[in-house]
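Asks: Before anything else, here's the structure in question.
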Amino acid sequence: MRALVVDLETTVTDIGGKKDNTPFNPSNKLVSAHFAWLRTREVTHLVFHHNEKPVPDSKEPLEKALQEADVLIAHNAKFDVGWLHACGFTIPPKIRCTMINEYILAKGQRTELSLKLISEGRNKQHDYAKEV
């Protein structure tokens, strides 16, 4: 199985004190995409909309990877898949969300679900497992 890990960065618009980062707001843009095959972990970084980059990167490498993928893995996958779909990218047949996975592992307990805290916690567990 070919698993592709994807993380997207977007602009955020403030509408009356509320933050809107959806692709449905025409003011918002897909800033960048960062993706890697789960087995190789070689990350590709593409920048599509940034003030310091007048010519955006081609979307072809991301599209090619998405077409080859059997599963897409993302933290808060509904956000990334929504943006990918709105931008016309191919969506792989299976989607896995690390945020939902952590929610399930927490057994419904209220816990911080940010990618940063989850990855820090997983790294500590991994280090502990090495010591045992």
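Asks: Does at least one position in segment 94-105 carry a residue that is modelled with pLDDT under 95, of a type in the set (Val, Ile, Thr), closer than 18 Å to Glu9 by Cβ and not in a strand (DSSP E or B)?
Replies: Looking for residues that are modelled with pLDDT under 95, of a type in the set (Val, Ile, Thr), closer than 18 Å to Glu9 by Cβ and not in a strand (DSSP E or B), one finds at least one in segment 94-105, hence yes.
Asks: Looking only at segment 45-86, which residues are among the polar types (S, T, N, Q) and within 10 Å of Val6 (Cα to Cα)?
Replies: Matches in segment 45-86: none.
Asks: Next question, about the same structure. Does Asp57 meet the test of being buried (at least 16 other Cβ atoms within 10 Å of the Cβ), in contact with a Phe, Trp or Tyr (Cβ under 8 Å, 6 or more places away or on another chain) and on the phi < 0 side of the Ramachandran plot?
Replies: So Asp57 fits the description; yes.
Asks: Please return the ranges of strands (runs of 3 or more DSSP E) entirely within segment 11-52 where 2 or more residues are closer than 24 Å to Arg96 by Cα.
Replies: Answer list for segment 11-52: 30-37, 44-47.
Asks: Follow-up. Filter segment 67-86 for residues that are more than 15 Å from Pro23 (Cβ to Cβ) and surrounded by 19 or more Cβ atoms within 10 Å (Cβ to Cβ) and give the result.
Replies: Within segment 67-86, Ala69, Leu72, Ile73, His75 meet the criteria.
Asks: Do we find that Pro61 is assigned to a helix (DSSP H, G or I) and touching a strand residue (DSSP E or B) at 6+ places or on another chain (Cβ under 8 Å) in this structure?
Replies: When the stated conditions are applied, Pro61 passes them.
Asks: What do you reckon, is Thr90 crowded, with 17+ Cβ neighbours inside 10 Å and within 17 Å of the chain's Cα centre (by Cα)?
Replies: No.
Asks: It is to be established whether one or more residues within segment 36-53 are free of Cβ contacts under 8 Å to residues at least 12 places away in the same chain and surrounded by 12 or more Cβ atoms within 10 Å (Cβ to Cβ).
Replies: yes
Asks: For segment 21-79, give me each residue that is among the charged types (D, E, K, R) and more than 14 Å from Thr90 (Cα to Cα).
Replies: Lys29, Arg39, Arg41, Glu42, Glu52, Lys53, Asp57, Lys78
The values are calculated or read from the model by the stated rules, or taken from the named source; none is laboratory data. Keep in mind that this is a model prediction, so the values were computed, not measured. Virtual Cβ from ideal backbone geometry, glycine too; neighbours counted across all protein chains shown.
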